[in-house]
Amino acid sequence: MARRCELTGKGVMVGNNVSHANNKTRRRFLPNLNEVTMISDSLGRSFKFKISAAALRTVDHRGGLDAFLAKAKDEDLSPRALSVKKEIARAAEA
């Protein structure tokens, strides 16, 4: 699986290691990904996501998985998270 946050789309960035002698070598900055289980209040089910630590704090700040997905842009979400978002929206309508 790619090193990409399923909720925010945050991925690997590239840059340089710069030595004291100002030599530059390429390096990768990896996102701080964690596999977490989140519970949807409206569906009453749990979902496993591989998300960044920053996204986990944002989910808590917005009031849970349902509120986060309601505000999230569709292009940032992974296909699995997008299907969960649509499922939650259908449950909210009914």
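The values are calculated or read from the model by the stated rules, or taken from the named source; none is laboratory data. These numbers come from a predicted model, not from an experiment. In this analysis, Cβ positions are derived from the backbone assuming ideal geometry, glycine residues included, and neighbour counts consider all displayed protein chains.
Taking the condition among the aliphatic types (A, V, I, L, M), surrounded by 16 or more Cβ atoms within 10 Å (Cβ to Cβ) and free of Cβ contacts under 8 Å to residues at least 24 places away in the same chain, does LEU82 pass? Here the answer is yes, as LEU82 does meet what is asked.
I'd like to check something: does the range 8-20 contain any residue that is within 23 Å of ALA92 (Cβ to Cβ) and in contact (Cβ under 8 Å) with a residue 12 or more places away in the chain? Yes, the range 8-20 contains a residue that is within 23 Å of ALA92 (Cβ to Cβ) and in contact (Cβ under 8 Å) with a residue 12 or more places away in the chain.
Under the condition of being of a type in the set (S, T, N, Q), crowded, with 16+ Cβ neighbours inside 10 Å, under 15 Å from the mean Cα position of the chain (by Cα) and assigned to a strand (DSSP E or B), the residues counted in the range 1-54 number 1.
Listed here are the residues, each with its yes/no results for (1) of a type in the set (S, T, N, Q); (2) in contact with a Cys (Cβ under 7 Å, 6 or more places away or on another chain); (3) modelled with pLDDT of 95 or more.
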position: LYS24; (1), (2), (3): no, no, yes
position: ARG27; (1), (2), (3): no, no, yes
position: LEU30; (1), (2), (3): no, no, yes
position: SER52; (1), (2), (3): yes, yes, yes
position: ARG57; (1), (2), (3): no, no, yes
position: VAL84; (1), (2), (3): no, no, yes
position: ALA91; (1), (2), (3): no, no, no
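Considering every residue within the range 70-77, establish whether at least one is of a type outside the set (Phe, Trp, Tyr), in contact (Cβ under 8 Å) with a residue 40 or more places away in the chain, assigned to a loop (DSSP other than H, G, I, E, B) and surrounded by fewer than 13 Cβ atoms within 10 Å (Cβ to Cβ). Yes, the range 70-77 has at least one match.
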